[in-house]
Amino acid sequence: MNLLAVKSIYKAEMARFFRTIGQSFISPVISTSLYFVVFGAAIGSRIQEVEGVPYGAFIVPGLIMLSVIMQSISNASFGIYFPKFIGTIFELLSAPVNFLEIVLGFVGAAATKALFIGLVILGTAALFVDLTIQHPVAMIAFLVLTCLTFSLMGFIIGIWAKNFEQLQLVPLLIVTPLVFLGGSFYSVTMLPPFWQTVTMFNPVLYLISGFRWAFFGVSDVSIGISLGAIAVFFVICLTIVWWIFKTGWRLRD
C-alpha cells in the first residue's frame, strides 16, 4: 500500500474543501434552519408526534441523510471528474499507484467532507429540538457507511459523466426523489397500504430507517435489514469501481 500516494490525493482534495470552508459551513446551517422553519413549524404544528417522537426531532435523521448523501455524491463525482476534464487523470493513471490507493484518496476525502456536513447539521438541529441519541455507536456507523457508500457512487458517476451536466443528472433526477420518498420527513406507516409496499422497493428507505433507529429506537424496517442493505450497496459500488479500473472504462478513452 502506497500510503504517500493516498495521503497526497487526500490532502489535495481536502485543500479544495478548506478553500471554501465558509460556504461549506454556512450553507448547511442555513438550509437546515429553513427546513425546520418550513417542516418543523408549519407541518409540526399539525403533526405533534410520529411514533411517539416529536415531529421536529423525527425529521432530523432524514435531514442529515439528505445532505450527507447529496454531499457525498457531489464531492466524489466532481473530485474525479475534474482531473478527467483537464487531462491530469492520465498522469495519475501512469503513476505507480493502484486503483485501491486512488479510490481511498478520492473517496476518503469526499466521505470526510460529507461527514463534516452531517455533524454540522446535527449540531444545528440540536439548537431547534431536544435530541437524544439512544445508540450513538450505531449512529456513527450508519453515518460513516453512508458517506463511504455514496462517495463510491459519486466516484462512479464522475467517471461515467462526459460533461458537467451529467454530473448533476443522477443526483437530481434519481437520488433526490428517492431520498424524499424514502421516509425522510414521514413514517412509512402513515402511507396507504399500497404505497407502503411500493416504498419498500426504495433502497434509501433502509438507510434512513436504520439511521432513525439509532436516534430514537424506532424504525420502519428491521435494523438488521437496514445494515444488510447498506452493506450490499457498498459491495456493489466497490465492485463496479474495481471493474472500471480493470477495464479502463471511461478512463482511457
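A few points about this structure:
- If the condition is being among the small types (Gly, Ala, Ser) and crowded, with 20+ Cβ neighbours inside 10 Å, then the range 201-253 contributes Ser209, Gly210, Ala214, Ser219, Ser226.
- Close pairs from the range 140-158: first within 17 Å of Trp249 (Cβ to Cβ), partner of a type in the set (S, T, N, Q), Cβ under 6 Å, at least 6 apart: Gly154/Ser72; Gly154/Ser77; Ile157/Ser77; Gly158/Ser77
- The residues of the range 1-55 that are of a type outside the set (Gly, Ala, Ser), assigned to a loop (DSSP other than H, G, I, E, B) and farther than 22 Å from Gly123 by Cα, listed by number, are Met1, Asn2, Arg46, Ile47, Gln48, Glu51.
- Scoring Asp220 on the criteria (1) assigned to a helix (DSSP H, G or I); (2) modelled with pLDDT of 90 or more leaves a single failure, condition (1).
- Test: residue in the range 96-116 that is over 12 Å from the mean Cα position of the chain (by Cα), more than 14 Å from Met70 (Cβ to Cβ), surrounded by fewer than 14 Cβ atoms within 10 Å (Cβ to Cβ) and free of Cβ contacts under 8 Å to residues at least 24 places away in the same chain: no
- Residue check for Gly79: assigned to a helix (DSSP H, G or I), modelled with pLDDT under 85 and closer than 28 Å to Phe164 by Cα: no
- Tally of residues being of a type outside the set (A, V, I, L, M) and at pLDDT below 90 across the range 86-108: 8
- Some residue of the range 70-90 being among the small types (Gly, Ala, Ser), surrounded by 15 or more Cβ atoms within 10 Å (Cβ to Cβ), out of contact with any Leu (no Cβ under 6 Å at 6 or more places or on another chain) and free of Cβ contacts under 8 Å to residues at least 24 places away in the same chain: no
- When the criteria are applied in full, Val188 fails the requirement of being within 24 Å of Phe245 (Cβ to Cβ), without any contact (Cβ under 8 Å) to a residue 40 or more places away in the chain and either out of contact with any Phe, Trp or Tyr (no Cβ under 8 Å at 6 or more places or on another chain) or polar (S, T, N, Q) (or both).
The values are calculated or read from the model by the stated rules, or taken from the named source; none is laboratory data. All values reported here derive from a predicted model rather than from experimental measurement. Cβ atoms come from the backbone with ideal geometry, glycine included; neighbour counts cover every protein chain shown.
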